[in-house]
Amino acid sequence: MSGHTTELVIFIVLFVLVSGMGFVAARWRRAENLASLDEWGLGGRSFGSWITWFLVGGDLYTAYTFVAVPALVFGAGATGFFAVPYTIVIYPLAFLVLIRLWSVSHVHGLVTPADFVRVRFGSPTLALLIAITGIVATMPYIALQLVGIEAVLKTMGVTGDLPLIIAFAILAAYTYQSGLRAPALIAFVKDALIYLVIIVAIIYIPTQLGGWSGIFGAAKAKFDATPVATDGVLLNANNQLNYVTLALGSALALFLYPHSVTGVLASRNRNVIKRNMSALPLYSLLLGLMALLGYMAIAGKVTPIGKDGNTVVPKLFDAVFPDWFAGVAFAAVAIGALVPAAIMSIAAANLFTRNIFREYIRRDATDAQEAAVSKITSLVVKIGALLFILLIDPQFSIDLQLIGGVIILQTLPSVALGLFTRWFHRGGLIAGWIGGMGAGLLMLYNIANPANGHEHFGSSAFPLSKLGLDTKMTIYAGFLALAVNLVVAIIGTFVARAMKAADGEDGTRTSDYFADQGDPRVKDLEYSSST
Amino acid sequence: MATPQPGRSDRSPWNWLLLIPIVIPLLPFLFNHAEPTLFGFPLFYWLQLAFILLGVVTTAIVYRMTK
C-alpha cells in the first residue's frame with residue numbers, strides 16, 4: 001500500500017465529509033415530516049432549476065460512465081465515443097415527453113412510470129410488468145456503481161471486500177435517513193469535484209503527452225497495429241449502423257429508467273424541466289472529454305490492472321497527477337458513484353412500494369406506511385446490489401447492465417408512447433412487451449465476445465448476418481427488439497379490437513398532460529415554496 | 001373542478017426545431033472523417049463535440065419560444 005498513502009488520506013477525508021452531508025441533508029429544505037413518498041422519495045416535488053440540474057446530471061452521468069466510457073475508448077476507439085451523440089440526442093427527444101409525464105404525474109399524484117401505466121391503461125398486469133422491468137434493469141446498474149468505486153480502490157492498492165462494504169453501508173444509512181434530499185445535496189460536491197478533475201486533466205495531461213495530435217497519433221498507431229477489425233480512431237463501414245442505433249437506442253432507454261423519472265418528477269414545474277433539457281448537455285461535453293482520457297491512457301502507455309479495463313482511468317490519474325490531486329480525483333469518482341446509487345435505490349424502492357406492495361399486498365396503505373416500506377426496500381435493493389458485486393464476477397455485472405438497457409427499452413411503447421396516444425390496447429402492449437423482451441434476450445444470448453471468451457451476452461452489437469443477411473454490419477440489439485415489440489403491439493391491438501377484448505379504462509384526460517404549477521389540479525405544490 | 005386555460009397544449013411549430021439535434025448527430029457520413037483537424041482533434045471528435053452546442057442552442061430556442 002506504500003506510495004498511495006497521500007492519495008488514501010485525501011480520499012478518505014473527502015469521502016467522510018460528503019457522507020456527513022448526506023446525513024445533514026434531511027434538514028435541508030425541511031419538510032413537515034419525511035413520512036410520505038412525496039417527501040422521502042421525491043424531495044417534496046419542489047426542486048428548482050439548479051438542484052434539478054445537479055440531481056439529474058448526477059443521476060445520468062454516473063461514475064460508471066466516467067470509468068467505463070474511457071475504458072471502452074481505450075479498448076476499441078471511435079465506437080466508445082457513441083456516448084457523445086447518445087447524450088446529445090436524448091434531450092431534444094425527452095423535451096416534450098418529460099413535461100407531459102410531469103404534468104400527468106402531478107395531477108394524479110403518480111410517483112413511478114408504472115403508476116402512470118396503471119392509470120392510463122387501467123391494467124394492473126401491465127403496470128406490474130413495467131415495475132418489474134424497472135427494478136430488474138436498475139439492480140445491475142446500482143451494482144455497476146460499485147464497480148467504479150472498486151476500480152479506484154484497486155488502483156490505490158486497497159483490496160478485499162471490506163472497504164466496499166463500508167462505503168455501501170454509509171450510503172445505505174444516509175439514504176434511509178434523508179431520502180432523495182441526500183443525493184441532491186451531495187450532487188453539488190460531486191459535480192464540483194468532477195469538473196475540477198476533468199478540467200485539470202484536459203489541460204494538464206496533454207502537455208505531458210505531447211499535445212492532442214500526439215495523443216490521437218498514439219491511439220491510431222495502437223489500433224492500426226491490432227488485427228481486430230472493429231477498432232480504430234474512426235468508424236468503419238460495418239460498425240456505423242451499430243454506432244447510430246446504439247446512440248439512439250440508449251437515448252430512448254435513459255429516461256425510461258425509473259431513477260431518471262424520479263429526478264424529473266422532483267422538479268417544481270414544467271419550465272424547470274425544459275430549461276434543464278437545454279442545460280444538461282453541458283455534462284455531455286464533460287463526458288466527451290472524459291472519453292478521450294482513454295486515448296490519453298494509450299499515449300501514456302498505461303496498462304490496466306489484470307484484465308480490468310475499468311482501471312485505466314484511475315491508473316492514468318495515478319501515473320500523471322501528483323499524489324494529493326490523484327486522491328481528489330479518486331474521491332470524485334467514488335462520490336460520483338454514490339449519488340446515482342442512492343437515486344437508483346430510491347427509484348427501485350418506490351416502484352416496489354407503489355406497484356407491488358400497495359397494489360398486491362396492502363391496498364389501504366397510508367402515506368407513512370408507503371414511506372416506511374420504501375425506506376426498507378431501498379436497503380434491500382442496495383444489499384442485493386452489493387451481493388451482486390461480491391459474489392459474481394464484475395465483468396458479468398457489466399453484461400447484466402447491457403441486458404438492463406435492452407429490457408428497459410421494452411417499456412417505451414407503454415410509457416413514452418402512452419403519454420401521446422391511447423391507441424394501443426393493453427393486451428397488445430403486454431404481447432409487445434413479451435415479444436420484445438424475448439427477441440432482445442435471444443439476440444443478446446447469441447452474441448459472443450471473443451475478447452474475454454464469453455460465448456453469450458458478450459456485447460449488444462448484434463451481427464445482421466445471424467438473420468441471414470450477407471453483411472458484416474452489426475446493429476444494437478435493443479433497437480431491433482424494440483422494433484419487434486412495436487410490431488407485435490400494433491398487431492396485438494388490431495387483434496384485440498377485432499376480438500372485442502375488454503380494454504382498460506383511461507383515468508386521464510387530455511388536459512392533464514398540460515397542467516402546470518399553479519393549476520388547481522396540480523397537487524402538492526403549496527408547501528414547496530420554502531426555499 | 002376548475003379547468004383554467006382551456007385549449008392549452010404542447011403544440012407549437014417551434015417544436016420541429018428539436019428534430020435538428022436529433023437527426024444530425026446520427027448521420028455518420030457528416031463526421032466520420034479525420035480531416036480537417038482542429039487543435040489536433042480529428043474531425044470525428046471535434047465535430048461531435050460541437051454538436052453538443054447545436055443541441056444546447058436549439059433546445060434553448062424552443063424553450064424560450066414555448067415558455
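Taking amide H positions as modeled 1.01 Å from N, with prolines and chain starts lacking one, the residues under 5 Å from residue A:462 and 5 or more places away or on another chain are A:475, A:476, A:477.
Phi angles of segment B:13-20 translate, via the Karplus equation with coefficients 6.51, -1.76, 1.60 and θ = phi - 60°, into HN-Hα couplings of x, 4, 4, 4, 4, 4, 5, 4 Hz per residue; Gly and Pro are given as x.
Oblate is the label for segment A:347-430, because the ratio a/c of its alpha-carbon gyration tensor axes (a ≥ b ≥ c) is 1.5 or higher and a/b is not greater than b/c. Ranked by solvent-accessible area (1.4 Å probe, protein heavy atoms only, all chains present), the residues A:224, A:38, A:506 order from largest to smallest as A:224, A:506, A:38.
Given segment A:210-305, what whole percent of its Cα pairs are spread farther than 23 Å? The calculated P(r) of segment A:210-305 puts 47 percent of pairs beyond 23 Å. In a shell of Cβ-Cβ distance under 14 Å around residue A:376, excluding residue A:376 itself, what net charge do Lys and Arg (+1) and Asp and Glu (-1) give? Taking every Cβ under 14 Å from that of residue A:376, the sum is +2.
By a 1.4 Å probe calculation restricted to protein chains, residue A:510 has an accessible surface near 100 Å², given to the nearest 10. Counts of other chain beta carbons within 10 angstrom of each beta carbon in peptide B:28-39 average 3.
Please say if segment A:121-261 is rounded, prolate or oblate, where rounded means a/c under 1.5 for a ≥ b ≥ c the square roots of the C-alpha gyration tensor eigenvalues, and otherwise the choice is prolate for a/b larger than b/c and oblate otherwise? In terms of gyration-tensor shape, oblate. Each residue of segment A:256-265 was assigned a 3J(HN,Hα) from its phi angle through the Karplus curve 6.51 cos²θ - 1.76 cosθ + 1.60 (θ = phi - 60°); the sequence is 8, 5, x, 6, 5, 4, 4, x, 6, 5 Hz, with glycine and proline shown as x. Positive end of the dipole of chain A (Cβ unit charges, origin at the Cα centre): among A:409, A:204, A:17, the Cα lying farthest that way belongs to A:409.
Taking a point 7 angstrom from the Cα of residue B:29 along the C-beta vector, which residues in segment A:473-488 have backbone N less than 20 Å away? Once the point is set 7 Å along Cα→Cβ of residue B:29, A:473-475 turn out to lie under 20 Å by backbone N, inside segment A:473-488. Under a model in which nothing but the beta-carbon of Lys, Arg (+1) and Asp, Glu (-1) is charged, the protein assembly as shown shows a dipole of about 1120 debye around its Cα centre. Distances over 13 Å make up what percent of all Cα-Cα pairs in chain B? More than 13 Å apart: 70 percent of the Cα pairs in chain B. Estimated at the nearest 10 Å², the accessible area of residue A:423 is 100 Å² with a 1.4 Å probe. Relative to the longest principal axis of the Cα atoms of chain B, the long axis of helix B:43-66 makes an angle of roughly 10 degrees.
Please report the net charge: other residues with Cβ closer than 15 Å to the Cβ of residue A:13, K and R +1, D and E -1. Display every interim value, and only then the final one.
Values: positive: none; negative: A:7, A:323.
Summing Lys/Arg as +1 and Asp/Glu as -1 gives -2.
Near residue A:154, which aspartates and glutamates are there with a Cα under 20 Å away, not counting those fewer than 8 places off in the same chain? Qualifying aspartates and glutamates at Cα under 20 Å: A:7, A:308, A:318, A:323, A:393.
Diffusion coefficient of the protein assembly as shown by Stokes-Einstein, Kirkwood radius over Cα pairs, 10 °C, 1.306 mPa s: 65 µm²/s.
Ranking A:23, A:168, B:39 by solvent-accessible area of protein heavy atoms (1.4 Å probe, all protein chains present), from largest to smallest, gives B:39, A:23, A:168. Farthest toward the positive end of the dipole of chain A, out of A:272, A:134, A:499, is the Cα of A:499, where the dipole comes from beta carbon charges about the Cα centre.
Placing unit charges on each Cβ (+1 for Lys and Arg, -1 for Asp and Glu) gives segment A:5-402 a dipole about its Cα centre, and among A:169, A:99, A:114 the Cα reaching farthest toward its positive end belongs to A:99.
For segment A:52-63, the Karplus equation 6.51 cos²θ - 1.76 cosθ + 1.60, evaluated at θ = phi - 60°, returns couplings of 4, 4, 5, 5, 5, x, x, 7, 8, 9, 8, 4 Hz by residue, with Gly and Pro reported as x. For residue A:454, list long-range residues whose amide hydrogen, built 1.01 Å from N in the peptide plane, is under 5 Å from its own amide hydrogen. Hits under the 5 Å cutoff: A:449. Taking every alpha-carbon pair under 8 Å whose residues sit at least 6 apart, segment A:400-505 reaches a relative contact order of 36 percent. Straight-line reach from residue B:67: taking Cα to Cα under 12 Å and skipping same-chain neighbours fewer than 8 places apart, the aspartates and glutamates in range are A:516, B:10.
Spin-label model, residue A:159 to residue A:282: label points 7 Å out along the Cα-to-beta-carbon direction sit 4.2 nm apart.
Normalised by the number of residues in chain A, the average gap of Cα pairs under 8 Å and 6 or more apart makes the relative contact order 31 percent.
Determine the order of A:307, A:382, A:154 by accessible area, beginning with the largest, at a probe radius of 1.4 Å.
On the way: A:307 195, A:382 5, A:154 70 Å².
Final ranking, largest accessible area leading: A:307, A:154, A:382.
Excluding ligands, DNA and RNA, the accessible surface per residue across chain A is 35 Å² with a 1.4 Å probe. Taking all protein chains as shown and a probe of 1.4 angstrom, residue A:454 keeps an accessible surface of around 50 Å².
Given the -39500 (n - 2.57) contribution per DSSP H run of 4+ residues, what per-residue ellipticity at 222 nm results for chain A, rounded to the nearest 500 deg cm²/dmol? Before the final figure, lay out each step's value.
On the way: 22 runs with 353 residues, N = 531.
Calculated from helices alone, the mean residue ellipticity at 222 nm is -22000 deg cm²/dmol.
Bridgeable lysines around residue A:220 (alpha carbons under 17 Å apart, same-chain partners fewer than 8 residues away excluded): A:301.
Quick check on packing: order A:455-461, A:53-59, A:103-109, A:336-342 by the mean number of other C-beta atoms within 10 Å, highest mean leading.
Values: A:455-461: 18.6, A:53-59: 25.3, A:103-109: 21.3, A:336-342: 29.9.
Most protected by this proxy first, the peptides run A:336-342, A:53-59, A:103-109, A:455-461.
The values are calculated or read from the model by the stated rules, or taken from the named source; none is laboratory data. None of the values given here were measured: they were computed from a predicted structure. Counting neighbours? That spans all protein chains shown, and the Cβs are built from the backbone with ideal geometry, glycine included. Just the protein is used for accessible areas: all its heavy atoms, side chains included, with ligands, DNA and RNA removed. Shrake-Rupley method; radii C 1.70, N 1.55, O 1.52, S 1.80 Å.
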